[in-house]
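Please read the structure below before turning to the comments.
Computed from the coordinates by the stated procedures, all read-outs in this text should not be read as laboratory data. All of these numbers come straight from a predicted model, not from anything done at the bench. Here Cβ is always computed from backbone atoms with ideal geometry, including for glycine, and neighbour counts include all displayed protein chains.
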Amino acid sequence: MAQEEHKTVGLKTLLKTVVVNNASGLHIRGNSNACVRINTKIRVIDDAFLTNDDVKKMAAAIMGEREKRLLDQNMSVDFALEDKEYGRFRFNIYRQSGKICMAVRYIPFKIPTFEQLNLPGETLKKIANNHRGIILVTGMTGSGKSSTLAAMIDHINKTRSGHIITVEDPIEFVHSEQKSIVSQLSLGSDTMSYSSALRYAMRQDPNVIMLGEMRDPEVIRAAMAAAEMGQLVLSTLHTVDAVQTLVRIIESFPPEHQGQVRFQMADLLRGIVSQRLLPKIGGGLIPAVEIMLPTAQIKKLIIDNKISDIKKTIQSGDYYGMNTFDQSLTALYREGKARLEDALDYSTNPDNIMLSIKGFDIQAER
């Protein structure tokens, strides 16, 4: 493209492209075309070439003084912007090889329901109906954790009165007040840290507290303390399944404290929902979901430090609403919602899926 022919595409046009194409994200990088992510695949946007200067000007126009300061300090900054026409967008602006780059996630105005997210609604409603304890939604980046948490908070908001506090970095879905009042805090502008927000939240008469992420032992400890005081705490972890989630929490504490933490988690845990998004037949994405509920047997395994045995208990716990990833993926294939190759690619143990499809009753891997 000759320099004199270059015409900069505007950010609003790029955001419209995301919405119109039902894309989950947008990537903007200097001296290249902008790209969108559609059904897990990166696709180049034609006629959307941006120079380094274009991206710098675009970033400078949407950042406030706080965001510019954080970018200078940390080489990366997160924040959200709202477009009245298209919705909210979560931005991560970062430096790469001397360039300013942007990764953008789309957040619709309307909070999706469990049914719209293709999630097991009755089980998740049952989990969200708890009034005390800890609920964890886990998965890798881009697995739909924020949407699931938002659907849970929306269900609580619609079904019971109380005070819901969310602490996020940045605020994603915006909750209107329904049966509950809702206070949404943005990390950095409304509170300095998750642990600080939790300490002050205890003075704000909450019933439900949602944390964007359990980032470190200090936050985990504060969340457990809040749950022990009678609040329902919801949060996320970047872990692949229920077993790894429990191991991550317990092993974040010194060995001499881990026994006590196991007792606390056995008492406080109300459910672990782990997700993986895979391509759906006919277009779009669909979640495979592993669900662990605190049955008496699972509580005993946590206390006895037999965490690795929990997978087998989940697999045999369909009566309670539990299932493993491989069971969820097998069901998606049998229902004609996912291709076999995708189910195998996203599975924990592909052999389990093949045996199950052939009609064998398999045991969970140890």
Extended-chain gain in nm, criterion 0.36 nm per residue less alpha-carbon gap, Gln204 and Asp83: 40.5 nm
Calculating percent of Cα pairs over 34 Å apart from this structure picks out, from [x] 26; [y] 23; [z] 32, entry [z]
Among Glu115, Glu67, which comes first, then next, by fewest other beta-carbon atoms within 10 Å? Glu115, Glu67
Among Lys311, Lys57, Lys84, which one shows the highest mean-square fluctuation when the chain is modelled as a Gaussian network with alpha-carbon springs under 10 Å? Lys84
Rounded to the nearest 5, the percent of antiparallel DSSP beta bridges in the chain equals 60 percent
Length gain on complete extension for the stretch Ile281 to Lys358, per 0.36 nm per residue less the alpha carbon to alpha carbon distance? 25.6 nm
Within 10 Å of each residue's Cβ, count the other Cβ atoms and sort Met214, Met322, Met354, Met75 from fewest upward. Met75, Met354, Met322, Met214
Give me the extension gain from Gln244 to Glu115: residue separation times 0.36 nm, minus the current Cα-Cα distance, reported in nm with one decimal. 43.7 nm
Taking every other residue with Cβ under 11 Å from the Cβ of Gly321 and scoring Lys and Arg +1, Asp and Glu -1, one gets 0
